[in-house]
Amino acid sequence: MNPKRVVLKLSGESLAGLTHWGINLKALFQIAKELKIAHQRRIQIGVVVGGGNIWRGGRDQGLQLDRIIADNMGMLATIINALALQDACEQVGIHTRVLSAVEVAKVSEPFIRRRAVRHLEKGRLVIFAAGTGNPYFSTDTAAALRAIEIGAEMLLKATQVDGVYSDDPKKNPKAKRYHVLSFQSAIQQKLKIMDTSALALCQENNLPVRVFNMHQTGNIHKALCGEKLGTLLE
């Protein structure tokens, strides 16, 4: 059964493809095509995109920028990614709107909850940019917040691995993959899925999260359409 409304969290790196930096058009359009498959099934889709392919923070070689300045730069990076994804989605035939928590009136609409819901009801894909609009909050927390605000049934987190493991599977071949995991267990074990504030927000608002591998072709539209991939947090 298809969910009615979901939020997909994409890392900035998902737009970089194998280059790991900047925006790879092949990777970008592949994501857009998968979004279209789910969108054609009348699933209302919100997307929160990160900015790590453009800006990873203000620390390098022992030097660092002020945290608030660095976080503001990260928010601007997510706007760049959101505009790129919007154009790719429009080119494959999805009516798309970018709503930004930081006002940039010439390129996007400001985030207003009722406006976001109305766009979804009209069949438009909505991309949420600039995180929460505040420093010290990750785009994971922004994704949880937006999903709750618009009444999404589930938050989908596209990652580098095929679910949540007890340890880093790249370093520990004996790491166990969880099929279902409670938020409390994830928080207690300090599993690096999402930051603690995002997990707590989902737990408090009964918002299930599915973590899945974004690198396997087809997984994005399968997850959006309700297939049981990866790990379910609830």
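The values are calculated or read from the model by the stated rules, or taken from the named source; none is laboratory data. Keep in mind that what you see is a predicted model, and the values were worked out from it rather than measured. In this analysis, Cβ positions are derived from the backbone assuming ideal geometry, glycine residues included, and neighbour counts consider all displayed protein chains. We work out accessible area using only protein heavy atoms, side chains counted, and drop any ligands, DNA or RNA first. Shrake-Rupley method; radii C 1.70, N 1.55, O 1.52, S 1.80 Å.
Projecting label points 7 angstrom from Cα along Cα→Cβ for Leu25 and Asn172 puts them 4.3 nm apart. Derived scalar couplings between HN and Hα for the range 12-18 equal x, 4, 5, 8, 8, x, 6 Hz in order, rounded to whole Hz, by the Karplus curve 6.51 cos²θ - 1.76 cosθ + 1.60 (θ = phi - 60°), x for Gly and Pro. At a Förster distance of 45 Å, what's the computed FRET efficiency of Ile187 paired with Leu18, Cβ-Cβ distance as r, to 0.05? So the FRET efficiency works out to roughly 0.85. Taking amide H positions as modeled 1.01 Å from N, with prolines and chain starts lacking one, the residues under 5 Å from Phe111 and 5 or more places away or on another chain are Ser100, Ala101. Summarising the strand pairing of the chain, around 20 percent of its internal DSSP beta bridges are antiparallel.
Across the alpha-carbon atoms of the range 43-129, the computed radius of gyration and Dmax are 14.6, 49 angstrom. Going down the list Lys9/Lys176; Lys122/Lys176; Lys122/Lys170; Lys33/Lys170, which pairs span over 32 Å between their C-alpha atoms? Exceeds cut-off: Lys122/Lys176; Lys122/Lys170. Listed cross-link partners Lys192/Lys222; Lys36/Lys228; Lys4/Lys171 are compared with a 30 Å cut-off, the Cα-Cα value being larger for Lys4/Lys171.
Considering only Leu125, Phe111, His20, the residue lying farthest towards the positive end of the dipole of the range 1-132 is Leu125, judged by Cα position with unit charges set on Cβ.
Based on DSSP H assignment, which helices of the chain show an axial Cα extent of at least 30 Å together with a mean Kyte-Doolittle hydropathy greater than or equal to 0.0?
Working: long enough: 67-91 (36 Å, 0.58).
In the chain, the long hydrophobic H runs are 67-91.
Length, then width, then depth: along the principal axes, the Cα atoms of the range 1-81 run 51, 25, 18 Å. Taking only the alpha carbons of the chain, we obtain Rg and Dmax values of 16.7, 51 Å in that order. I need the shape label for the range 105-232. Rule: rounded when a/c is under 1.5, else prolate if a/b > b/c, else oblate, with a, b, c from the alpha carbon gyration tensor. Prolate shape, in that a/c is at least 1.5 and a/b is the bigger ratio.
Leaving out ligands and nucleic acids, note down the accessible area per residue over the chain with a 1.4 angstrom probe, in whole Å². Numbers along the way, then the final one.
Values: 12060 Å² over 234 residues.
So the chain comes to 52 Å² accessible per residue, rounded to a whole number.
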